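S.K.: Let me give you the structure first, and then I'll get to my questions.
The values are calculated or read from the model by the stated rules, or taken from the named source; none is laboratory data. Quantities reported herein were computed from a predicted structural model and do not represent experimental measurements. Reconstructed Cβ throughout: ideal geometry from the backbone, glycine too, with neighbour counts over all protein chains shown. Surface areas here come from the heavy atoms of the whole protein model, side chains and all, with no ligands, DNA or RNA. Shrake-Rupley method; radii C 1.70, N 1.55, O 1.52, S 1.80 Å.
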Amino acid sequence: MALTKLDHFITSFFKAHRCQIVLKENGLLKVQLTKELDQELMNRPFYWHYMEKIGQTGEPMRLTIITDPNHPNQQTGEWVHFGSPRLQQIINHLITNETYAKLYQYISPNAETPLYPWLVTNIKITHQGKQTREELFSIGLNLINGMMQTEMMESMSHLSFQRTVPDFCFPLSPLIRLQSGYRRIENVLKQYIYEQDQTWVKETLAMREHELNLLHHFYESGDDEQEALYQKEVSDIKNRYRPKIMVHVINGGLFYLTQSFESQK
């Protein structure tokens, strides 16, 4: 996934949780956390317990995130990248607490306005082999006409949403069922995976063969305990260098948008 997509994913997360964006530039994001997100991310249970005990509101921390390792101010923040504990913490929070949402675009029309249903899914694809590579995808599907939009969260970043239908608006009933819509998205991702360079699979299998040959070269047959240890090492190597592609839905939702959303792209 491109660096800009990672930037936007993280920025969208903090905006959605009502955090103030203090500073944003390429590869750097400084945010003022809310109390709720501080409690969720910053691992300060004793601090918040003490504040509650003495009747104080407490002060949430300010977090500086660096996504570009070459950023000139990289020493002033926390480097977040694919595989980093902080990014995994954010993804786990979304999976645990915000799996599904149903939201309506906030508008103030002067006449009755239809809202079109979009199925939006944020998905992580992990290629696990000799090395691990992760990608994040945000895909939207119009459940009326079947139009599909990639980088959906980026496209909706300028919009505001609410949990109830705005005045003078009416949501259209989906013509494509949610299950069928998700299958369409799933098929697009499968095609994407199929078209990717598979060199990493060959490299992983070659490394597995090398490790097994090396283990066998130094193995000396002996008692049952020695044989059991050898077999365990063989099993560990095979598991470690088994090429795998894992697709995991982080979260998703049904977003009702105006027709002008499509014409703006």
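S.K.: Quick one: what pairs do we get from region 207-218, first residue more than 19 Å from Pro243 (Cβ to Cβ), second modelled with pLDDT under 90, C-beta under 9 Å, 6+ apart or different chains?
M.R.: Leu215/Tyr230; His216/Tyr230
S.K.: Quick check on region 106-115: of everything there that is part of a strand (DSSP E or B) and open to solvent by 20 Å² or more (accessible area, probe 1.4 Å), which residue is farthest from His248 (Cα to Cα)?
M.R.: Restricting attention to region 106-115, the residues satisfying the condition of being part of a strand (DSSP E or B) are 113-115.
Subset that is open to solvent by 20 Å² or more (accessible area, probe 1.4 Å): 113-114.
On the way: Thr113: 35, Pro114: 32 Å.
Across region 106-115, the extreme among qualifying residues is Thr113.
S.K.: Further, regarding this structure: In region 116-170, what residues are within 17 Å of Ser260 (Cβ to Cβ), in a strand (DSSP E or B) and either under 16 Å from the mean Cα position of the chain (by Cα) or among the hydrophobic types (A, V, I, L, M, F, W, C) (or both)?
M.R.: Trp118, Gly140, Phe161, Cys169, Phe170, listed by residue number.
S.K.: I've got another one for you. Quick one: which of Ser180, Ser235, Ser157 is touching a residue at least 60 places away in the same chain (Cβ under 8 Å), small (Gly, Ala, Ser) and open to solvent by less than 80 Å² (accessible area, probe 1.4 Å)?
M.R.: Working: Ser180 fails: touching a residue at least 60 places away in the same chain (Cβ under 8 Å); Ser235 fails: touching a residue at least 60 places away in the same chain (Cβ under 8 Å).
Of the residues listed, the single one that is touching a residue at least 60 places away in the same chain (Cβ under 8 Å), small (Gly, Ala, Ser) and open to solvent by less than 80 Å² (accessible area, probe 1.4 Å) is Ser157.
S.K.: Restricting to region 22-47, and then to whatever is open to solvent by 50 Å² or more (accessible area, probe 1.4 Å) and assigned to a strand (DSSP E or B), can you tell me which residue is modelled with the lowest pLDDT? Break it down stepwise before answering.
M.R.: Keep residues of region 22-47 that are open to solvent by 50 Å² or more (accessible area, probe 1.4 Å), which gives 22-26, 30, 35-36, 39-40, 43-47.
Those still in the list that are assigned to a strand (DSSP E or B) too: 22-25, 30.
Working: Val22: 93, Leu23: 91, Lys24: 89, Glu25: 86, Lys30: 93.
Among them, the one singled out is Glu25.
S.K.: For region 123-143, what are the residues that are open to solvent by less than 20 Å² (accessible area, probe 1.4 Å) and not hydrophobic (A, V, I, L, M, F, W, C)? Spell out the reasoning first.
M.R.: Step one: of region 123-143, the residues open to solvent by less than 20 Å² (accessible area, probe 1.4 Å) are 123, 125-127, 129, 135-136, 138-143.
Scanning region 123-143 gives Thr126, His127, Gly129, Glu135, Ser138, Gly140, Asn142.
S.K.: Let me ask something additional. Please find, within region 48-73, the residue that is farthest from Arg86 (Cα to Cα) out of those that are of a type in the set (S, T, N, Q) and assigned to a loop (DSSP other than H, G, I, E, B). Spell out how you get there, then give the answer.
M.R.: Of the residues in region 48-73, the ones of a type in the set (S, T, N, Q) are 56-57, 64, 67, 70, 73.
After this cut, where a residue has to be assigned to a loop (DSSP other than H, G, I, E, B) as well, the list is 56-57, 67, 70, 73.
Working: Gln56: 28, Thr57: 25, Thr67: 11, Asn70: 19, Asn73: 19 Å.
So the residue we want is Gln56.
S.K.: Can you tell me which residue is farthest from the chain's Cα centre (by Cα) among those in region 171-202 that are under 25 Å from Asn251 (Cα atoms) and of a type in the set (Phe, Trp, Tyr)?
M.R.: Tyr194
S.K.: Just one of Phe261, Phe168 is open to solvent by 60 Å² or more (accessible area, probe 1.4 Å), in contact (Cβ under 8 Å) with a residue 12 or more places away in the chain and either of a type outside the set (D, E, K, R) or closer than 19 Å to Glu134 by Cα (or both); which is it?
M.R.: Numbers: Phe261 fails: open to solvent by 60 Å² or more (accessible area, probe 1.4 Å).
After applying the criteria, what remains is Phe168.
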